Amino acid sequence: MAEDAAGGAGAHRLGEYSAEQGSAGSDRAPRRRAGELSGLVLDVLRTAGEALTPGEVQRRLIDAGSGPLAYSTVVTILSRLHGQGLAERFRTGRAYAYRAINDPAQLAAGRMRRVLDAETDRDAALASFVDTLSTRDERLLRELLGPGLDAETNGRNKRPQ
């Protein structure tokens, strides 16, 4: 036993994980890998086929065997998924309900929008992006932007922001 107390071969040091004991020798559930809980929440939203409140997501996760999970943790994860553009959020009374975005085009558009929103010089970022487009993609972009493009605006559509 002296060997264990000194940190020898069977000892569990503070912060070390033991599958039998949970983390740091407590009876808590083992710590999840980074992003694992977000993935589980997203899976619940995707399989639901409808918008769910945080309480509904929490119950489904617990029913699926994810172990005890605080309501505030579920709210935080859902808020982050919404911020990342992976889930839509709808007002339902005083709370929100969330639905996974499953459309790959919508997910890509959300990522592109977040990158653009992070830029201080939007004109330069958009111009650089357009310069890298293939002829086919540039033609498609012009078609999507519709009328209003002319040589005077250098290919830029003057739409209100």
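Each value in this text was obtained by applying a stated rule to the coordinates, not by laboratory testing. Computed from a prediction, not measured in an experiment: that's the story for all the values here. Because the Cβ atoms are built from the backbone with ideal geometry, glycine has one as well, and the counts that use them run over all protein chains shown.
By the beta-carbon count within 10 Å of each Cβ, the least crowded to most crowded order of 52, 86, 69, 141, fewest first, is 141, 69, 86, 52.
Taking a quarter of the surface of the Cα convex hull of the range 31-105 gives a mean projected area of 5.1 nm². Taking the number of Cβ atoms within 10 Å of each Cβ as an exposure proxy, the fewest-first ranking of 62, 101 is 62, 101.
So what is the relative contact order for the range 33-101, in percent, with contacts set as C-alpha pairs under 8 Å and at least six apart?
After rounding, I find 37 percent.
Here the residues 56, 119, ranked from fewest to most Cβ neighbours within 10 Å of their Cβ, fall in the order 119, 56.
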